């Protein structure tokens, strides 16, 4: 913790006047790298082994749920999404997207819950429940290796801008912006971690620190609490917007979920 | 969820690799929640693997073992028989999976 405080002081000193926003730094496109690059070789090996990677416990669970007819007799996910009928392979690489029905931005979790409510007449699943994580992991795993590319035209533009705003906004007791770690100091050490560029391409992912599987929003909550800012709610419009900004920023990186992280 | 990796077939005398993973929090009993209350211990105590009814691998688990324990071990294929993997937690609840090994 002392190192984190020291870093906070250092960064605020570098920033000169502590303003509301950090400088609009960027990672050059040719330097964009997955967080995987910054992991210990043992952690990389765990992610690479489709049996040892514990994230597959959730992928398996998701696959089972996907094919199961709900108790109410509603159609299974699989009955509307098969290879020859609305296939889901690769789709997770293009999320979040605008939901035409509500005019709001939705990530994969929100899309799955929308299908439950609109097409299966079932209640939405709770954030971070094994069922929602499992279905999300399964759908994301169908996009493994697919390069991220998202649409920020039209109404999505406002979300993109809001996400970008949040990324450069200095906040919390440490008065730090996401950009100050993930754009300006990636590759450097912060406590036991090597700071990565902060891409979301491995999520949902298994984190050793959690001893379980979790969503991108859980990771964002950890980063926000790390700088002693108020973590936002799971599925909040701002985190959705940040998710879109992160996806645009990581465009071209391959999807890795189920990733393994420290 | 349980994940097993075991070959379906082997030749007599062959050394086979068996892998087993189970989803379990392995809660140590040493952690506290956000209200300061101790989170009760909840761990698997025992893993056992039998081949044609004989124990070929067995292990006792302790709170220091990470969540979702994963084991890899080896056995010699001798005859066509069931391989059973089982886990028992501290309350006596038991989970198991079987795989048929065909030996030629």
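Values in this text are rule-based calculations from the coordinates and carry no lab data. None of these values were measured; they are calculated from a predicted model. Positions of Cβ are backbone-derived with ideal geometry, glycine not excepted, and every protein chain shown enters the neighbour counts.
Summary of values
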quantity: Angle in degrees between helix A:130-141 and the longest Cα principal axis of chain A, rounded to the nearest 10; calculated: 80 degrees
quantity: Distance from region B:1-79 to region A:187-262 (C-alpha centre basis), Å; calculated: 30 Å
quantity: Sites residue B:45 and residue A:188, calculated FRET efficiency, Cβ-Cβ separation with R0 30 Å, nearest 0.05; calculated: 0.10
quantity: Calculated FRET efficiency for the pair residue B:55/residue B:12, C-beta based, R₀ 25 Å, to 0.05; calculated: 0.75
quantity: Simple spin-label estimate for residue A:85 and residue A:44 in nanometres, 7 Å along Cα-Cβ; calculated: 4.3 nm
quantity: Rounded if a/c under 1.5, otherwise prolate or oblate - region A:56-141, Cα gyration tensor axes; calculated: rounded
quantity: Gyration tensor (alpha-carbon) shape descriptor, chain B, a/c threshold 1.5; calculated: prolate
quantity: Sorted by Cβ neighbour density within 10 Å, fewest at the top, the residues B:95, A:186, A:58; calculated: B:95, A:186, A:58
quantity: Computed over the protein assembly as shown, Kirkwood Rh from alpha-carbon pairs, angstrom; calculated: 22.7 Å
quantity: Residue exposure sequence - B:78, A:37 - by fewest surrounding Cβ within 10 Å; calculated: A:37, B:78
quantity: Length gained when the stretch residue A:51-residue A:102 is fully extended (0.36 nm per residue, less Cα-Cα span); calculated: 14.4 nm
quantity: Computed [θ] at 222 nm, deg cm²/dmol, the protein assembly as shown (DSSP H ≥ 4; -39,500 (n - 2.57); rounded to nearest 500); calculated: -8500 deg cm²/dmol
quantity: Region A:52-120 and region A:23-39: distance between their alpha carbon centers, rounded to Å; calculated: 30 Å
